[in-house]
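The values are calculated or read from the model by the stated rules, or taken from the named source; none is laboratory data. Just so you know, these numbers come straight off a predicted model, no measurement behind them. Every residue, glycine as well, gets a Cβ built from its backbone with ideal geometry; the counts of neighbours run over all protein chains shown.
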Amino acid sequence: MIRTLFLLVSVAWAPLAAAQSTGTIRGRVMDADTGEPVALATVVLVESERGATVHEDGTFELVRVAAGRHTVRAQRLGYDSHARSVEVRPGAVVELELRLHATVYRSRAIEVTADRAASDEPAADRVLSGRQLRQQLGRTLAETLVNEAGVTQSSMGPAPARPVIRGLGGDRLLILEDGRSTGDLSSSSPDHAVALDPMNAERIEILRGPAALVYASNPAAGVVNVVRGQIPTSKPGHLHGSVSLQGETVNRGLSGGFNLTGPAGPWAWKTDFSGRTASDMRTPEGPLPNTDGGNLHAALGATRFAASGWWGVSANLLESWYGIPGDFVGAHPNGIRVNMQRHQVDTRGEWQPEGGLFRRVEVLAHGSRYFHEELEYSTARRAYDIVGTDFVLRGARLQAVAHQRPQGAVVEGRFGWSGTWSRLTVGGFSYTPPATETGIALFGWQKRRWGAWSVETALRVDRFRVSPDREEDSRIGRIRTRTFTPLSGGLKLMWNRGLWETGATWLRTARMPSMKELYSEGPHLPAYSYEVGDPDLGVETGSNTDVFLQYASEAAAVRITLFHIRFGGYLYPRNTGEEAVARPLPIYQYTGADAALVGFESVAEWHLSRNWVATVTASAVEGTLTDSGEPLPFIPPLTGKLDLAHTRGAVTLSSSLRLAAAQERTGAFETPTEGYAVWDLGVQWYGSRGGRLHTVAAKLDNVTDAAYRMHLSRVKAILPEPGRSFNLLYRLYF
Amino acid sequence: MRSLLLLALLAFAATGCKDHNDHGDDHAEVFAFDLLVNNVVVASQTGTTVTGSIGVGVGSSAVVTVRLKDDTGSEITEWEDEVTLEVVSADAATVSVTEISTAQRSFRLTGAAEGSTTITLMLMHGGHADFESRPIVVSSTRPL
């Protein structure tokens, strides 16, 4: 087995080893004011996403860099990032010195336009990393992102929370880990947790617009990519890593993790591990039983580097367990326990041709297996040992993406192909038949710039096929194979002059109905619903339009985005108001109906003085079923945030006020939610000692212990959000 | 490097893979049921509606027989082999449930203290409940 794997890797790697004209970038990263080395900074080749960690003496080296022009960017906590463009010649060494200015003020949510233009990076709309990521790091991905403008979270308890953007979640918000699927079922039901822990995330990217179509046909809400770097894409000079410890009082939660990366001849390797445990959550109305949980995540990856590219493999496993609270109308009195387990293997390679249209070609192969069981409480045996439902999802993906070389007006382009296969089998008390889904896609995205104007275009065609193991007539209709060939595309036009930038985006998305939406019939206990599919459902199409206006200077920044999304055949579980006979659960019928969402997001920042920054964010969305005029269910209310931060040297103090209006515009059988105001305090510190970088982030969340509820919580009737909590995160980089 | 890869694969395999709690495709299509005491129907559930209640004296007991029906109203006489009857009292200190017999399709209720509670019937199949009744009221009263 091992021999075969090595043979495969070697065969794939062989063309990369061919002699090719490459050069080396070598340099130092220095403090612009003091001239001291900035150890542990990260130096990234922007176009190829390769990087290196700066040594204690400030030096770094990037070897086997393809000849041509590259953007080199250095960044580190406490400093503004700095980018330089360099020309690498075959066999030559480019010497470079990057001088970083200590951060006094760094725009929190809006990148200053001039910086972005300089790098030509096909930037995500939002990147959360470094200090911001540590400050916002939560138990889940959703909790980590929830303070971003336009982001809310849906939940059924503390563990199974999932981000919602512009009122859209589930399959309309793609969650990726290192650019590929998380291999879970989190998009299909609010009680299913996202199979990743943000503890060891290097950064989190939010991508919207045409570029998102590279990943899927249905990113109506966008793409969230959690970058862990499980397969190293650069070879470090020596051992580097980080160790994290985090604790919080609201659930007596404790988590920790580490990651290590190092060189071994022509190889680089990386391993990371994280673990998390938490007891029942404390709310201002008392502790809530069956909200405890935990997880373990371990990964190991290795990459072999060659003259014209690299090839790597990785394997990872995740175990997670958590409770869904009960004891409310429609719910199991004792709640439900969920156990999940996921295994993944990946292999990924990159070839960097010497010339031609493409500067690099990526190939990815991925396989995963996901198991998830939902256990009911047996009163007779006083144990959670009755299997309500279990799922096994097997998936595989093969993908090739060619990155276009910048030339003329072309800033970047990506063209590729992907093939996917997945098989879902459902056990326990459910009539959902086993089914297999296959997909093949061709896609292309390109960004061009002419002076102050830039244009992004994307086109994607998919062919999906969903096949049940057995075609048959059932109570919900004819269970049969369905095939879809949706077309999606997008156009983004931007104009930039000086401190001003404006633009408009149009995006057509296509979402095919899932196996669950087509074929399910049965109770889904943790979701407290009896779900009924419709084998006749068609493709949901979305037409997204947004316009934005931005002003960004060092003193102030404002960005306002207005959006309108029109859906044809919007797929959603409609509460029928009826109850299932077999179990006392409300019946939800999967339905396609035309719908529209309209809303805005805004961010404004003021640099009040050298050390003080104020930020105000606000967002709102309104969803309507266009035929009936009824409100769409599970749409968040108007939300906002007032932040005030004071930075002096290595210490930042912050105060945040989270605000939400009442949501009284509710869908059928949905209950309204009161508004709230919640106050948080935070302090961050960093310092270098002995070549190591120590960081501490402390937060006091919900200072006043306010009782409040999120509208997108399915269990809000019994589950107020967490009460006052002291959270502490220590992270050591070395 | 070979060791690293071997370690990765071993770690991956060592965690094992759970599989389905498999079950057959055929389930009892229960739409209604009657509860009988001494061959007299005392409580029923049809669809989602429960009618009637059960009375039992404190310190005494009653054997309750279960009669399942499909959506045409016909009695389901043949229960699947793997189906078992489970009956749970919401308050065993008021009314306890004993002698649950799938073969006899019956169970015994005993009044432990004066008061009222509910019982829930479940048809268990392969470790999960194929059918769960709505709560049925049981009153435990002292003899006059």
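For region A:134-174, enumerate the residues that are assigned to a strand (DSSP E or B), closer than 26 Å to residue A:728 by Cβ and of a type outside the set (D, E, K, R).
Here is the first cut: in region A:134-174, the ones assigned to a strand (DSSP E or B) are A:151-155, A:162-165, A:168, A:173-174.
If we keep only those that are closer than 26 Å to residue A:728 by Cβ too, we end up with A:151-153, A:155, A:162-163.
Scanning region A:134-174 gives A:151, A:152, A:153, A:155, A:163.
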Is it true that some residue in region A:460-470 is polar (S, T, N, Q), more than 27 Å from the chain's Cα centre (by Cα) and more than 14 Å from chain B (Cβ to nearest Cβ)? yes
Given the criteria under 30 Å from residue B:88 (Cα atoms), under 27 Å from the mean Cα position of the chain (by Cα) and either not assigned by TED's automatic domain parsing to the domain that holds residue A:507 or not hydrophobic (A, V, I, L, M, F, W, C) (or both), does residue A:390 qualify? yes
If you go through region A:616-635 one residue at a time, do you hit one that is more than 21 Å from residue A:170 (Cα to Cα), in contact (Cβ under 8 Å) with a residue 40 or more places away in the chain and either within 14 Å of chain B (Cβ to nearest Cβ) or assigned to a strand (DSSP E or B) (or both)? yes
Can you tell me which residue within region A:16-44, out of those that are surrounded by 18 or more Cβ atoms within 10 Å (Cβ to Cβ) and among the hydroxyl-bearing types (Ser, Thr, Tyr), is modelled with the highest pLDDT? A:42
Strands (runs of 3 or more DSSP E) completely within region A:205-306 that count 3 or more residues being within 14 Å of chain B (Cβ to nearest Cβ): A:253-264, A:267-278, A:293-306
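Got at least one residue in region A:338-347 being more than 14 Å from chain B (Cβ to nearest Cβ), part of a strand (DSSP E or B) and touching a Phe, Trp or Tyr at 6+ places or on another chain (Cβ under 9 Å)?
No, region A:338-347 has no match at all.
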Does residue A:316 satisfy the criteria of being under 21 Å from residue A:197 (Cβ atoms), polar (S, T, N, Q) and out of contact with any Gly (no Cβ under 9 Å at 6 or more places or on another chain)? no
Would you call residue A:424 within 14 Å of another protein chain (Cβ to nearest Cβ) and within 26 Å of residue A:538 (Cα to Cα)? yes
Please go through (1) surrounded by 21 or more Cβ atoms within 10 Å (Cβ to Cβ); (2) over 17 Å from the mean Cα position of the chain (by Cα); (3) modelled with pLDDT of 90 or more for residue A:245 and return the number of the only condition it doesn't satisfy. (1)
I want to confirm something. Restricting to region A:354-386 and keeping residues that are more than 22 Å from residue A:183 (Cα to Cα), of a type in the set (Val, Ile, Thr) and in a strand (DSSP E or B), which single residue is nearest to the other protein chains (Cβ to nearest Cβ)? A:386
Could you go through region A:332-354 and let me know if any residue there is closer than 30 Å to residue A:21 by Cβ and surrounded by fewer than 19 Cβ atoms within 10 Å (Cβ to Cβ). yes
Looking only at region A:648-674, which residues are more than 27 Å from the chain's Cα centre (by Cα) and of a type in the set (Gly, Ala, Ser)? A:649, A:650, A:662, A:667, A:668
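Is it true that some residue in region A:398-413 is out of contact with any Pro (no Cβ under 7 Å at 6 or more places or on another chain) and either aromatic (Phe, Trp, Tyr) or within 14 Å of another protein chain (Cβ to nearest Cβ) (or both)?
Initial filter on region A:398-413 (out of contact with any Pro (no Cβ under 7 Å at 6 or more places or on another chain)): A:398-411, A:413.
When the remaining residues are screened for being either aromatic (Phe, Trp, Tyr) or within 14 Å of another protein chain (Cβ to nearest Cβ) (or both), the result is none.
No, region A:398-413 has no match at all.
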Does residue A:193 qualify as being farther than 23 Å from residue A:346 by Cα and touching a residue at least 60 places away in the same chain (Cβ under 8 Å)? no
Where in region B:27-144 are the strands (runs of 3 or more DSSP E), entirely inside, with at least 1 residues that are within 14 Å of another protein chain (Cβ to nearest Cβ) and of a type in the set (Asp, Glu)? B:84-89, B:95-101, B:128-132
Check region A:179-192 and report whether any residue there is among the hydrophobic types (A, V, I, L, M, F, W, C), closer than 30 Å to residue A:339 by Cβ and in a strand (DSSP E or B). no
Taking strands (runs of 3 or more DSSP E) that do not extend beyond region A:475-516, which have at least 3 residues that are within 29 Å of the chain's Cα centre (by Cα)? A:487-497, A:500-511
Does residue A:577 qualify as being surrounded by fewer than 19 Cβ atoms within 10 Å (Cβ to Cβ) and within 14 Å of chain B (Cβ to nearest Cβ)? yes
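One line per residue, one yes/no per condition, for (1) among the charged types (D, E, K, R); (2) without any contact (Cβ under 8 Å) to a residue 24 or more places away in the chain; (3) more than 30 Å from residue A:129 (Cβ to Cβ); (4) touching a helix residue (DSSP H, G or I) at 6+ places or on another chain (Cβ under 6 Å):
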{"site": "A:668", "(1), (2), (3), (4)": "no, no, yes, no"}
{"site": "A:678", "(1), (2), (3), (4)": "no, no, no, no"}
{"site": "A:696", "(1), (2), (3), (4)": "no, no, no, no"}
{"site": "A:701", "(1), (2), (3), (4)": "yes, no, no, no"}
{"site": "A:708", "(1), (2), (3), (4)": "no, no, no, no"}
{"site": "A:711", "(1), (2), (3), (4)": "no, no, no, no"}
{"site": "A:716", "(1), (2), (3), (4)": "yes, no, yes, no"}
{"site": "A:721", "(1), (2), (3), (4)": "yes, no, no, no"}
